[in-house]
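To start, the structure under review is shown below, and the notes come after it.
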Amino acid sequence: MLNYEVFNKENQPTEDEIKDFVGTEIFMLFTDLDNHLREDYKIKPKVAYSSCAMDNNIWRGWNIKYQKSGKSYCTIYPQQGHFLVLIPGKPFEVRNEDAVGEVKLALEIRKDEISAKKKA
């Protein structure tokens, strides 16, 4: 089941509802990534709803956006048994710690890209 099939647009899901949806182990991986973005990047997340129908609606539903100074670092989409991370132009499916490591490396590259554009 996809995010938008469980959580309707009118009712933002609670943290406990997201945890139940993705599963405890996956939620721990999400928490690790969320803490990394908050602490190391000083980004405050924003919860939003997307109506995107691309890729058979996998990007549709409630998500958590991480932006700083108007620049998007990533958006996390909770899904049943995993979560999707979209770093501009790069999607990731997170089901284990190795995937979280890949996302963290991609975030470093994204940070470098944003820094390089500021200097240009």
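Values quoted throughout were computed directly from the atomic coordinates according to the rules given, and no laboratory measurement underlies them. Quick caveat, the model's predicted, so the values are computed rather than measured. Heads up, the Cβs are rebuilt from the backbone with ideal geometry, glycines too, and the neighbour counts pull from every protein chain shown.
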How large is Rg over Rh for the chain, taking Rg from the Cα atoms and Rh as the Kirkwood inverse mean of 1/r across Cα pairs? 0.96
How long is the gain from Lys119 to Asn35 if the chain were fully straight, where each residue apart is worth 0.36 nm and the alpha carbon distance is subtracted? 27.5 nm
If the chain between Glu17 and Gln80 were fully stretched, how many nm would it gain, using 0.36 nm times the residue separation less the Cα-Cα distance? 21.6 nm
Within straight-line cross-link reach of Lys104, aspartates and glutamates at Cα separation under 12 Å, skipping those fewer than 8 residues along the same chain: Asp32, Asp34, Asp40
Would you work out which of Phe21, Ala120, Gln67 lies farthest towards the positive end of the dipole of the chain? Charges go on Cβ: Lys and Arg +1, Asp and Glu -1. Ala120
Fully extended, how many nm does the chain gain between Glu10 and Lys90 (0.36 nm per residue separation, minus their Cα-Cα distance)? 25.9 nm
Using 7 Å Cα-to-Cβ label points, what is the Lys71/Asp55 separation (nm, one decimal)? 2.3
Student exercise, the chain dipole from Lys, Arg, Asp, Glu Cβ charges, in Debye to nearest 20: 920
Using the Cα gyration tensor of the stretch 37-81, the equivalent ellipsoid's semi-axes, largest first and to the nearest Å, work out to 22, 11, 8
With the 8 Å Cα cutoff and a minimum separation of six or more residues, the stretch 25-120 has a relative contact order in percent of 19
Do the alpha carbons of any pairs in Lys9/Lys117; Lys19/Lys118; Lys19/Lys119; Lys42/Lys119; Lys9/Lys44 sit beyond 30 Å of each other, and which pairs? Lys9/Lys117; Lys19/Lys118; Lys19/Lys119
